[in-house]
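Enquirer: What follows is a single structure, and I will ask about it in a moment.
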Amino acid sequence: MPVMLYEVINGLNINPDGIYVDGTLGGAGHSKRIIEKLSDKGLLIGIDRDEEALKAAEKNLEGYTNFKLVHDNHDNIPQILDDLGIEKVDGILLDLGVSSYQLDEKERGFSYLGDNELDMRMDKTQNFSAFDVVNKYPEEKLANVIYEYGEEKFSRQIAKNIVIARKDEPIRTTKQLVDIIERSRPYSKDGHPAKRTFQAIRIEVNNEIKPLYDTTMNCIKRLKDGGRLAIITFHSLEDAAVKHAFQDALGKCTCPPGLPCVCGAKALGVLVNRKPIEATEEELKNNSRSKSAKLRIFEKRG
């Protein structure tokens with residue numbers, strides 16, 4: 001079930017003859033609705049780093065012809081558009097974080113439920129996986145990752161117990177890791193005890209936060225006048241990076257008051273919604289994965 005589907009489609013203000021990019025295609029839930037609103041002249045470019053997700057998306061889009069699927073990372077959207085000979089587009093969507101498709105494929109190791117290989121790679125062609133983070137990171141670095149990306153206050157105890165456990169044998173499965181986490185922190189009402197640690201390791205494996213500011217700015221620059229960028233975040237650090245980029249794209253002068261402007265600030269557009277859009281109560285009841293979602297939309301001007 002695509003998160004905030006109505007809000008995304010409404011926010012993109014779709015031009016039937018336009019070119020749209022879904023930089024996080026997943027199972028093509030959002031993309032299918034975009035394509036339904038396009039004419040024969042319109043085009044949807046679907047990007048995903050996960051080859052299995054691309055296969056699932058292609059199946060979901062059977063019967064449609066006005067789309068192109070690309071196996072790549074949304075951080076590379078400018079190069080992807082260059083390769084396709086496209087200078088500007090009418091809209092871009094980034095639905096960040098792990099996709100529902102990946103969560104549902106338990107053997108991928110994204111879920112703390114079950115007993116599967118410790119993997120968490122969105123792109124299975126990359127070598128670096130959750131196994132490397134858990135088994136090779138020094139204790140302090142591991143604790144910092146769990147604390148920063150998982151906002152887990154028991155990060156140091158979890159990291160300490162991971163390092164102790166891996167001395168006997170490598171930690172190869174999700175269940176092994178969950179057992180260590182459950183021994184390292186008390187139970188709380190805030191979901192499964194492994195939830196935050198798994199999120200942190202997944203973000204580290206897939207480098208989801210560090211490039212996000214630049215990715216957001218690059219997407220804005222590839223929009224046509226009046227084109228829109230819609231980004232759904234699920235993590236405070238994701239939202240902070242997007243918010244920072246949007247604020248900078250507003251072109252506000254950062255020079256001291258009363259002095260001539262020398263910072264060269266230039267407005268690239270406007271915010272469509274000043275505050276992030278969140279899921280309705282009805283959606284929250286029907287789609288638990290929308291719980292922490294925030295949607296921000298920017299419109300290119302000039």
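Enquirer: Please go through segment 36-84 and give me each residue that is farther than 21 Å from Pro211 by Cβ, in contact with a helix residue (DSSP H, G or I) (Cβ under 8 Å, 6 or more places away or on another chain) and assigned to a strand (DSSP E or B), ordered by number.
Expert: If the condition is that a residue be farther than 21 Å from Pro211 by Cβ, in contact with a helix residue (DSSP H, G or I) (Cβ under 8 Å, 6 or more places away or on another chain) and assigned to a strand (DSSP E or B), then Leu44, Phe67, Leu69 are the ones that fit.
Enquirer: Looking at this structure, is Ile220 assigned to a helix (DSSP H, G or I), at pLDDT 95 or above, within 20 Å of the chain's Cα centre (by Cα) and over 22 Å from Asn144 (Cβ atoms)?
Expert: Criteria met by Ile220.
Enquirer: When you scan segment 24-35, how many residues do you find that are assigned to a helix (DSSP H, G or I) and either surrounded by fewer than 22 Cβ atoms within 10 Å (Cβ to Cβ) or touching a Phe, Trp or Tyr at 6+ places or on another chain (Cβ under 6 Å) (or both)?
Expert: Quick first cut of segment 24-35, residues assigned to a helix (DSSP H, G or I) only: 29-35.
Next, only the ones that are either surrounded by fewer than 22 Cβ atoms within 10 Å (Cβ to Cβ) or touching a Phe, Trp or Tyr at 6+ places or on another chain (Cβ under 6 Å) (or both) stay: 29, 32-35.
Of the residues in that region, 5 qualify.
Enquirer: Could you check, for segment 197-216, whether at least one of its residues is without any contact (Cβ under 8 Å) to a residue 40 or more places away in the chain, in a loop (DSSP other than H, G, I, E, B), touching a Gly at 6+ places or on another chain (Cβ under 8 Å) and of a type outside the set (Gly, Ala, Ser)?
Expert: Checking segment 197-216: not a single residue is without any contact (Cβ under 8 Å) to a residue 40 or more places away in the chain, in a loop (DSSP other than H, G, I, E, B), touching a Gly at 6+ places or on another chain (Cβ under 8 Å) and of a type outside the set (Gly, Ala, Ser).
Enquirer: Out of (1) out of contact with any Gly (no Cβ under 9 Å at 6 or more places or on another chain); (2) surrounded by fewer than 21 Cβ atoms within 10 Å (Cβ to Cβ); (3) more than 29 Å from Pro2 (Cβ to Cβ); (4) not polar (S, T, N, Q), the odd one out for Ala143 is which?
Expert: For Ala143, the exception is condition (2).
Enquirer: Give the residues of segment 223-237 that are crowded, with 17+ Cβ neighbours inside 10 Å and modelled with pLDDT of 95 or more, sorted by residue number. Break it down into steps so the answer makes sense when it comes.
Expert: Taking segment 223-237 and keeping what is crowded, with 17+ Cβ neighbours inside 10 Å, we get 223, 227-235.
Passing the criteria: Leu223, Gly227, Arg228, Leu229, Ala230, Ile231, Ile232, Thr233.
Enquirer: For Gly85, are the conditions met, namely being touching a Leu at 6+ places or on another chain (Cβ under 6 Å), over 21 Å from Leu237 (Cα atoms) and not basic (Lys, Arg)? Walk me through how you get there before you give the answer.
Expert: Numbers: touching a Leu at 6+ places or on another chain (Cβ under 6 Å): no; over 21 Å from Leu237 (Cα atoms): yes; not basic (Lys, Arg): yes.
Spelling it out, it is not the case that Gly85 is touching a Leu at 6+ places or on another chain (Cβ under 6 Å), over 21 Å from Leu237 (Cα atoms) and not basic (Lys, Arg).
Enquirer: When the residues of segment 141-164 are filtered to those that are under 12 Å from Pro193 (Cα atoms) and assigned to a helix (DSSP H, G or I), which remaining residue is nearest to the chain's Cα centre (by Cα)?
Expert: Here is the first cut: in segment 141-164, the ones under 12 Å from Pro193 (Cα atoms) are 150, 152-155, 158.
Now restrict to residues that are assigned to a helix (DSSP H, G or I): 150, 155, 158.
On the way: Gly150: 15, Ser155: 23, Ile158: 25 Å.
Checked segment 141-164; the qualifying residue nearest to the chain's Cα centre (by Cα) is Gly150.
Enquirer: Applying the selection to segment 107-123, what residues are of a type in the set (Gly, Ala, Ser) and either within 19 Å of Asn135 (Cβ to Cβ) or surrounded by fewer than 18 Cβ atoms within 10 Å (Cβ to Cβ) (or both)? Talk me through it step by step, then tell me what you get.
Expert: So in segment 107-123, the residues of a type in the set (Gly, Ala, Ser) come out as 109, 111, 114.
Once the filter is applied, which keeps residues that are of a type in the set (Gly, Ala, Ser) and either within 19 Å of Asn135 (Cβ to Cβ) or surrounded by fewer than 18 Cβ atoms within 10 Å (Cβ to Cβ) (or both), segment 107-123 yields Gly109, Gly114.
Enquirer: If Asn10 satisfies all but one of (1) under 19 Å from the mean Cα position of the chain (by Cα); (2) at pLDDT 95 or above; (3) surrounded by fewer than 22 Cβ atoms within 10 Å (Cβ to Cβ), what's the number of the condition it fails?
Expert: (1)
Enquirer: Return yes when Arg183 is among the basic types (Lys, Arg), in the same structural domain as Ser129 (by TED's automatic domain parsing) and crowded, with 23+ Cβ neighbours inside 10 Å and no when it is not. Break it down stepwise before answering.
Expert: Values: among the basic types (Lys, Arg): yes; in the same structural domain as Ser129 (by TED's automatic domain parsing): yes; crowded, with 23+ Cβ neighbours inside 10 Å: no.
So Arg183 fails the test.
Enquirer: Considering only segment 81-90, I want to know if a residue exists there that is surrounded by fewer than 20 Cβ atoms within 10 Å (Cβ to Cβ), in contact (Cβ under 8 Å) with a residue 12 or more places away in the chain and of a type in the set (D, E, K, R).
Expert: yes
The values are calculated or read from the model by the stated rules, or taken from the named source; none is laboratory data. If you're wondering where the values come from, they're calculated on a predicted model, not measured in any experiment. All Cβ positions, even for glycine, are placed from backbone atoms using ideal geometry, and neighbour counts span all protein chains on display.
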